[in-house]
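Nothing in this text is a laboratory measurement; each read-out follows from the coordinates by a stated rule. Because the structure is predicted, anything quoted here is derived from the model rather than measured. FYI the Cβ positions are ideal-geometry reconstructions off the backbone, even for glycines, and counts take in every protein chain you see.
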Amino acid sequence: MSKIKTLDSHLANMIAAGEVVERAMGVVKELVENSIDANAKNIEIHIKQGGLEEINIIDDGDGMNAQDACMSFKRHATSKISDVQDLWNIHTMGFRGEALPSIASVSHVILNTNDTNESTQVEIKYGQTIHAKPYACNQGTQILVKNLFQKTPARLKHLKSVSYEFSLISDVIQKFALSRSDIAFLLTHDGKEVFRSNGKNNELEVMMNIYGREIAKNAIHLETQDSDYEIDGYIIQPSITRASKYYMMIYINQRMVRSYRLHKMIQEAYAKFIPSDRYPIAVINIKMDAKLVDVNVHPSKWEVRLSKEKQLEQLLKQSIIDALHEKIAVPSIERKVVETRNEQITFSYPTPQVESIQSKVVEPQLVQETTPTYVSNSDTSMKVNDSTMIQQPRIDKIEAPILEELITPTVTNSTILVEVEKETIVPVVQQETPVQEIKRNALPEMQVIGQIHGCYIIAQGENGMYIIDQHAAQERYRFEVLQQQLLNKKNDMQDLLVPIRIETTASAITQREEMNVLFNEIGLSLELFGEKSFIIRSIPTWMTQVEEEKVITDLIDLYMKDLSCDIEKLRKHTIATMACHSVIRFNRNLNLAEMKKVILDLQHCEQPFHCPHGRPTFIQMTLKQLEKEFLRVK
């Protein structure tokens, strides 16, 4: 008896579903691509329980007649290609004819469609056709997918939480909206609207809807072309960066793709403008002849192969460099509000009318009449009238000398007292817990000689000369101070005068509860504010010495990168970031006492040889090396 036999169509479709439909997000992606190919201008995506219970896609596209509606569930049945030549000239999102039969093999599918001439319903339950009959419905197509993977338990058990699965769906819909701003998208989850775009063909408006007003305001239009490629899109000013690379969006002929080499070109173009551990934000559309791109690499169609790839890489990189050089803006200084008299300022927080949350917040209002002063880093100030509305006042950050403690205001419940004399802030010193004294013989004795270019401290010791990186050394000391505070459970909290508001994505909003489980370990709690923002009402006292908004945004980015995070890794990243932001910088001249203090602090460290990011804190040139360089070796 022959061992090899042809699989029946149902089993073949279930195998194909493993490639096309890995999870609910894959179903949504395939169905929305079909709607786009059908020339839809309005697409609604209604999700229940992360897509495992129900996925309902409604569009106003061309629709299908009864015959096409039935044929669409046959494997390799498609209207988008007909011969081999068409495979090298693809202008549609889909073309393989695998999505619908694969989805129908692992779920219960009901299709309603109307092409203005015929109106049809087709129902298929886990690969078995229930009926195909006339059915009254609006023009376009509606596909209802229920109970996904219920009869394939091996696939079902590997799925994650409902919020995780929905965050992936939300992310892919926002990617569609960025590439097709001419289409109106609506996304809901369990009856609640999560995302909406208006389809007015305004990419900046979609970016603002997804990423927030600040990012849209800092967008630089990118437009260039050569004989083969046209590049259009937006890149964001280098002053705004992210902790992960997933904010770089690449589209080829309006198809979302993943391209390591093109992402690398974007990073290289930004290399001179941002730190090496930060990533830019970019939304870039690349238009090319369909014959130059092969999209038939994987059934999911995320990966592509390009002809003349080197040419495209250089064009993309150079166009970004040119745009940055031409339109780069000096980072603006945020004006911050302090009290100009020796009085209390009290802010109350009534709740705004936001449909999606129970507790609401509005802009703070002065209860006691005061005269605020706006203070910037350039020491300029401007008085405003008592009746002027105060927009998100913040406590001014003061860069303290190395011998002084970092300054924060004293907080009592929800009231902050700030001492001011002649529009100059009188600091209230916060006590810092020093690193515990531990006898260490590893660090050599050093005697300060001087400083080079405001960056490196030169010292001598018994064995030769030492060059200390002043920033890395203080970063190591500050890291260990903060680490001890955490290990000693010194999570004293400070209520904020004005809550910190973090604009984020719909994907992050759905992950709020999971993030809070981790963030609570370091004293943070995210509350919903509207549909696209978090607010933080209190922070640990040891976090007051950095840009809290930037640190918290980075933590959210790190979590969303993998939708999971090791709390110890998260804790270390937080402390390292705060340590980096709260110590002396390069290009700062120090006096002798300050240089001695840097070395003294380094001697108190448990591990004084590297900063938290792994860079050396000092290097040594021995007497023998010096003698060799000066040709004094016998």
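Some notes on this structure:
- You can think of it this way: the chain between Lys550 and Gln139 has 143.2 nm of extra reach, that is 0.36 nm per residue less the Cα-Cα gap.
- Overall form of the range 109-219 per C-alpha gyration tensor (a/c, 1.5; a/b vs b/c): oblate
- Förster-model FRET efficiency, 45 Å R0, Arg261 and Asn589, C-beta, rounded to 0.05: 0.55
- Placing pseudo-labels 7 Å out from each Cα toward the beta carbon at Glu627 and Ile274 gives an inter-label distance of 5.1 nm.
- A cut-off under 14 angstrom between Cβ atoms defines the neighbours of Ile328, and their net charge, with Lys, Arg +1 and Asp, Glu -1, is 0.
- Modelled FRET efficiency - R0 35 Å, Gln128 with Lys175, Cβ distances, 0.05 increments: 0.55
- With the cut-off at under 18 Å, measuring from each backbone N in the range 619-634 to a point 7 Å along the Cα-to-Cβ line of Glu462 picks out 620-625.
- Measuring against 27 Å, Cα to Cα, the residue pairs Lys264/Lys561; Lys264/Lys291; Lys217/Lys245; Lys272/Lys532; Lys291/Lys327; Lys272/Lys310 contain Lys272/Lys532; Lys291/Lys327 as the ones spanning a longer distance.
- Straightening the chain between His76 and Lys561 buys 171.1 nm, computed as 0.36 nm per residue apart minus the Cα-Cα spacing.
- Rough spin-label spacing in nm, given labels placed 7 Å along Cα→Cβ, for Arg196 and Asn39: 2.7 nm
- Cβ-based exposure ranking for Val293, Val162, in which fewest neighbours within 10 Å come first: Val162, Val293
- FRET efficiency, 1/(1 + (r/R0)^6) with R0 51 Å, evaluated for Thr224 and Asn147 via beta carbons: 0.60
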